[in-house]
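These notes are about the structure you will find just below.
Nothing in this text is a laboratory measurement; each read-out follows from the coordinates by a stated rule. A quick note: this is a predicted structure, and the numbers were derived from the prediction, not measured. In this analysis, Cβ positions are derived from the backbone assuming ideal geometry, glycine residues included, and neighbour counts consider all displayed protein chains.
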Amino acid sequence: MSCIFCKIVDKQIPSTPVYEDELVYAFADINPKAPVHILVVPREHIGSLHDAAKDEHALLGHLLWVAAEIARQKNLANGYRVVANTGNDGGQTVDHLHLHLLGGRQLTWPPG
Ligand code: 5GP
Ligand code: ZN
């Protein structure tokens, strides 16, 4: 198993946990781009949003709910952004599906 996020989920690589349940693990991004920058990943290896199957739609919804729940816990009432970089053009660098939760500052649009 060479996937870095699978190793983080399995605690073979240390991370700073933020939330976990039977389906999802969320942890602090090692290179934060905002005061709050958390990654929400499924425990199961799914390469990207592009690879998610129809029977995984409930898991996809759960990932979004977890991002919103963390935002509530972090008091991001002023707003935040949830991003799923997907594939090469999308800027995805780790091939294990993940949501970025970014907040704590004014974010610009459009992204680069
Ligand atoms: P992507 O570019 O694929 O959308 O996002 C990958 C994210 O994973 C990046 O923001 C990067 O900082 C983060 N990342 C990469 N390796 C590690 C690691 O070993 N630990 C943690 N906590 N984050 C990582
Ligand atoms: Zn993986």
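When the helix-only estimate is applied to the chain (DSSP H runs of n ≥ 4, each -39,500 (n - 2.57), divided by the residue count), what is the mean residue ellipticity at 222 nm, nearest 500 deg cm²/dmol?
Helix contribution divided over all residues of the chain: -6500 deg cm²/dmol.
Structure shown: which of Lys33/Lys54; Lys54/Lys74; Lys11/Lys33 lie over 27 Å apart, alpha-carbon to alpha-carbon?
Lys33/Lys54; Lys54/Lys74
Quick one: dipole size for the chain, taken about the Cα centre, charges +1 on Lys/Arg Cβ and -1 on Asp/Glu Cβ, in debye to the nearest 20.
Approximately 500 debye in magnitude.
Name the most mobile residue of Gly61, Gly87, Gly47, meaning the one with the largest mean-square fluctuation, in a Gaussian network model of the chain with Cα contacts below 10 Å.
Among Gly61, Gly87, Gly47, the largest GNM mean-square fluctuation belongs to Gly61.
Among His100, Cys3, Asn31, which residue has its Cα furthest toward the positive end of the charge dipole of the chain, with +1 on Lys/Arg Cβ and -1 on Asp/Glu Cβ?
Asn31
For region 1-72, just run the numbers: alpha carbon Rg, then divide by 2.2 N^0.38 Å, N being how many residues it has.
Scaled against compact globular proteins, the figure is 1.09.
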